[in-house]
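Structure first, commentary second.
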């Protein structure tokens, strides 16, 4: 039992550092995303806009999945930091690519067009899954 406790004491600080950094990157990534995108997703979600909620949920999952895989496969917090920034860049790129394809995506989300939001969220998740797979 003492070996288990010693193992816990040795690993706990690393766990806390990795977990705290990953959650911080997720929060920061979502904050950057909602700041850069042209519509006010948080306001729209608070107002009950389902399309905005789907879109924002897609980015939270889209950032969280690669961050989780990065944390699981990383040895240092620097690895997590690098791949967190890459994941955010890919999620922003996905938004702008889908906006280019659909023309006027922010307006569609503001109007509550669920179909556009589902397509965007699905695209974000697909990019996240591919990113996560590339990290393993």
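For the range 1-55 and the range 74-101, what is the separation of their C-alpha centers, rounded to whole Å?
14 Å
Out of (1) 1.35; (2) 1.21; (3) 0.96, which label holds the value of Cα Rg over 2.2 N^0.38 Å that was computed here?
Given (1) 1.35; (2) 1.21; (3) 0.96, the structure-derived one carries the label (2).
Mind pulling the angle between the C-alpha long axis of helix 50-73 and the longest principal axis of the chain? Nearest 10 degrees, somewhere in 0 to 90.
Tilt of helix 50-73: around 30 degrees.
Just want to confirm a number: the relative contact order over the chain, from Cα pairs under 8 angstrom separated by 6+ residues, in percent.
Details: 148 pairs, mean separation 45.5, N = 136.
RCO, the chain: 33 percent.
What spacing in nm lies between the two simple spin-label points modelled at residue 3 and residue 42, each 7 Å away from Cα in the Cβ direction?
Those two pseudo-labels are separated by 4.9 nm.
Between residue 28 and residue 85, what is the label-to-label distance in nm when each label sits 7 Å out along the Cα-to-Cβ direction?
0.9 nm
Any chance you could run the full-extension gain for residue 75 through residue 61? It's 0.36 nm times the residue separation minus the Cα-Cα distance, nm to one decimal.
Values: separation 14, 0.36 × 14 = 5.04 nm, distance 2.28 nm.
Here the answer is 2.8 nm.
For helix 77-102, what angle does its Cα long axis make with the longest principal axis of the chain, in degrees from 0 to 90 and rounded to 10?
That helix lies at roughly 10 degrees to the long axis.
FYI, it's all coordinate maths here, none of it is from the lab. Bear in mind that the values here come from a model prediction, so they are computed numbers and not experimental data. All Cβ positions, even for glycine, are placed from backbone atoms using ideal geometry, and neighbour counts span all protein chains on display.
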